[in-house]
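One structure is given here, and the rest of the page talks about it.
Every read-out reported here was derived from the displayed coordinates using simple, explicitly stated rules and does not represent laboratory data. Bear in mind the structure is a predicted one, so any value in this text is a computation, not a measurement. Reconstructed Cβ throughout: ideal geometry from the backbone, glycine too, with neighbour counts over all protein chains shown.
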Amino acid sequence: MLDEQNRHDLIRAYDLNAAVRDNDRISSWKAAERKMFLDLQKKSGVRRILDLGSGPGRDSAFFVKEEFINTVAADFSYRMASCCRKRGIETVLMDIMDPCLKDSSFDAVWALNSLLHIPKRDLSQVLQNIGRLMTDDGLFYMGAYGGVDFEGILDDDVYEPHRFFSFYTDMNLKEIVARAFEIYYFNLIPLGNPKTYFHSLVLKKPN
């Protein structure tokens, strides 16, 4: 779990930038990731999606609009959660370290660039928490920047206060994820920097 100061700074950083993020356009590669996951859900007959670390609810609104999927947005920033509610999305103010949702209540979980704020020592527990929220045949999308081994405050972060991040190499991320899930899909998306890229994973609960 983040210490009190880092947690406070992280929430404040997102609260202060909620309006900006609410008006941002989605990058083309993120839109492609979202569509890829939605296409998988269409095949499995998804009924309920948890948008974990939802931000202002842009992805939640997409799932609802495209397929009328029952979508719940969860974020620990009050202002981000308020943006979701203004979009008419069912919203929960929640920290994934202590989820306040029923076990087995979602058959899909979408987490785009939200788990990268989890301290490395806590990621295994968070993945177990997510697994408990999912039905046995559910799919979990986990996407996060990575490619390097890093944990701490990014001094060149464009947000104030600067945020805490955890980045993983491919091997380390796969090793940790495999403790809780089977890897259904794994892809690397280049970001223009030879040392860093985006980890795209679709996971399922082990049989």
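Computed over the Cα atoms of the range 116-167, the ratio of the radius of gyration to the Kirkwood radius (Rg/Rh) comes to 1.07.
One compactness figure for the range 154-195 is 1.53, namely its Cα radius of gyration divided by 2.2 N^0.38 Å.
From the alpha carbon centroid of the range 150-207 to that of the range 48-109 is 21 Å. Using the average count of surrounding beta-carbon atoms within 10 Å as a protection proxy, the listed peptides 199-205, 189-195 rank, highest first, as 199-205, 189-195. Take the convex hull of the alpha carbons in the range 84-207; its mean projected area over all directions comes to 8.8 nm². Here's the list of lysines a cross-link from residue 86 could span, going by alpha-carbon distance under 22 Å and ignoring same-chain residues fewer than 8 apart: 65. Charges were assigned to the Cβ only: +1 to each Lys and Arg, -1 to each Asp and Glu. The resulting dipole of the range 65-163 about its Cα centre is roughly 380 debye. In this entry, the range 52-95 is assigned a mean projected area of 2.4 nm², taken as a quarter of its C-alpha convex hull surface. Largest first, the extents of the alpha carbon coordinates of the chain on the three principal axes equal 44, 39, 33 Å. Rounded to the nearest 20 debye, the dipole magnitude of the range 64-121 is 300 debye, with +1 charges on Lys and Arg beta carbons, -1 on Asp and Glu beta carbons, and the Cα centre as origin. Across the range 38-136, the convex hull enclosing all Cα atoms gives 91 Å³ per residue. Along the axis of the charge dipole computed for the range 59-207 (Cβ charges of +1 for Lys and Arg, -1 for Asp and Glu, origin at the Cα centre), the listed residues 69, 97, 153 are led at the positive end by 69. Here the contact order of the chain, divided by its residue count and restricted to Cα pairs under 8 Å and six or more residues apart, works out to 19 percent. Amide hydrogen proximity for residue 138: with H placed 1.01 Å from N in the peptide plane, the residues at 5 or more positions away or on another chain lying under 5 Å are 205.
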